[in-house]
Amino acid sequence: MASNQTPKSGVRKGMAIDIGISDEDRAAIAGGLSRLLADTYTLYLTTHNFHWNVTGPMFNTLHAMFMEQYTELWNAVDPIAERIRSLGHHAPGSYAEFGRLASIADAPAQPPRALDMVRILVDGHESVARTAREIFPIVDKADDQPTADLLTQRLAVHEQTAWMLRSLLEE
């Protein structure tokens, strides 16, 4: 069978990706998105942890707010991972990979006080926004509109969430 023919299974093996983005650019974008995925997942875990462990006079407000935030983060990981796959690369999916790739620290072993949780989440959302923003130069160079759209959506969420959380810290 010639290399360009489809086998009986209906799937071509080793088929090259030709979407108008070079292999080198796709690899660089996938690498950046892998860091974004690791940051997003780490922030998801931290936010969910804080949802479970928050205490104090702002319990109801923060418990509900953290649930809304971790749900949004959970819904964000799939589109990021699927964009990596669309570019022809494997999406990271283990704690070890996320730990190596993430720019944000894991949640503290002991739950912090409520307002310290808020501060940690502000820092986390700002870090994820910076990670997303760092990918734009290669995305722009490659004229990769789907990734640019995904990054723009993620930036809007993280910047708005950081603002809302910061507002809780004002006297």
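Laboratory data are not the source of any read-out in this text; all were calculated from the coordinates shown. Remember, it's a predicted structure, so these values are computed and weren't measured experimentally. When we count neighbours, we look across all protein chains shown, and the Cβ atoms used for this are built from the backbone with ideal geometry, even at glycine.
May I ask you to list the residues in segment 56-84 that are under 24 Å from ARG113 (Cα atoms) and touching a Leu at 6+ places or on another chain (Cβ under 9 Å)?
GLY56, MET58, THR61, LEU62, MET65, PHE66, GLN69, TYR70, LEU73
Given the conditions (1) farther than 26 Å from ARG83 by Cβ; (2) surrounded by 15 or more Cβ atoms within 10 Å (Cβ to Cβ); (3) of a type outside the set (D, E, K, R), which single one is not true for ASN60?
Condition not satisfied by ASN60: (2).
List the residue pairs whose Cβ atoms are under 7 Å apart, where the first residue sits in segment 127-152 and is under 22 Å from TRP163 (Cβ atoms), the second is hydroxyl-bearing (Ser, Thr, Tyr) and part of a helix (DSSP H, G or I), and the two are 6 or more positions apart or on different chains.
Sorted first by the residue in segment 127-152, then by its partner, the pairs are VAL128/THR40.
Condition first: within 17 Å of ILE29 (Cβ to Cβ), of a type outside the set (Val, Ile, Thr), in contact with a Ser or Thr (Cβ under 7 Å, 6 or more places away or on another chain) and in a helix (DSSP H, G or I). Can you find one or more residues in segment 111-124 that meet it?
no
Of the residues that make up segment 140-155, is at least one of a type in the set (Gly, Ala, Ser) and either closer than 21 Å to LEU45 by Cβ or in contact with a Lys or Arg (Cβ under 6 Å, 6 or more places away or on another chain) (or both)?
There is no residue in segment 140-155 that is of a type in the set (Gly, Ala, Ser) and either closer than 21 Å to LEU45 by Cβ or in contact with a Lys or Arg (Cβ under 6 Å, 6 or more places away or on another chain) (or both).
For residues that are under 14 Å from ASP39 (Cβ atoms) and without any contact (Cβ under 8 Å) to a residue 40 or more places away in the chain, scanning just segment 109-126, find the one that is surrounded by the fewest Cβ atoms within 10 Å (Cβ to Cβ).
Applying the filter and picking the extreme gives ASP123.
If you check SER103, SER127, which single one turns out to be part of a loop (DSSP other than H, G, I, E, B) and within 12 Å of the chain's Cα centre (by Cα)?
Only one candidate passes the filter, namely SER103.
Working only within segment 82-91, note down all residues that are outside any loop (DSSP other than H, G, I, E, B) and surrounded by fewer than 20 Cβ atoms within 10 Å (Cβ to Cβ).
Within segment 82-91, GLU82, ARG85, SER86 meet the criteria.
Assuming GLU134 fulfils every condition listed in (1) touching a Leu at 6+ places or on another chain (Cβ under 7 Å); (2) assigned to a helix (DSSP H, G or I) apart from one, which condition is it?
Looking at each condition in turn, GLU134 falls short on (1).
Residue-by-condition table, conditions (1) assigned to a loop (DSSP other than H, G, I, E, B); (2) within 28 Å of LEU150 (Cα to Cα); (3) without any contact (Cβ under 8 Å) to a residue 24 or more places away in the chain:
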| position | (1), (2), (3) |
| --- | --- |
| TYR44 | no, yes, no |
| ALA76 | no, yes, no |
| ILE80 | no, yes, no |
| GLY93 | yes, yes, yes |
| ALA107 | yes, yes, no |
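Please identify the pairs in which a residue from segment 53-71 that is at negative phi has its Cβ atom under 6 Å from the Cβ atom of a residue that is surrounded by 21 or more Cβ atoms within 10 Å (Cβ to Cβ) and assigned to a loop (DSSP other than H, G, I, E, B), counting only partners at least 6 apart or on another chain.
LEU62/VAL54; HIS63/VAL54
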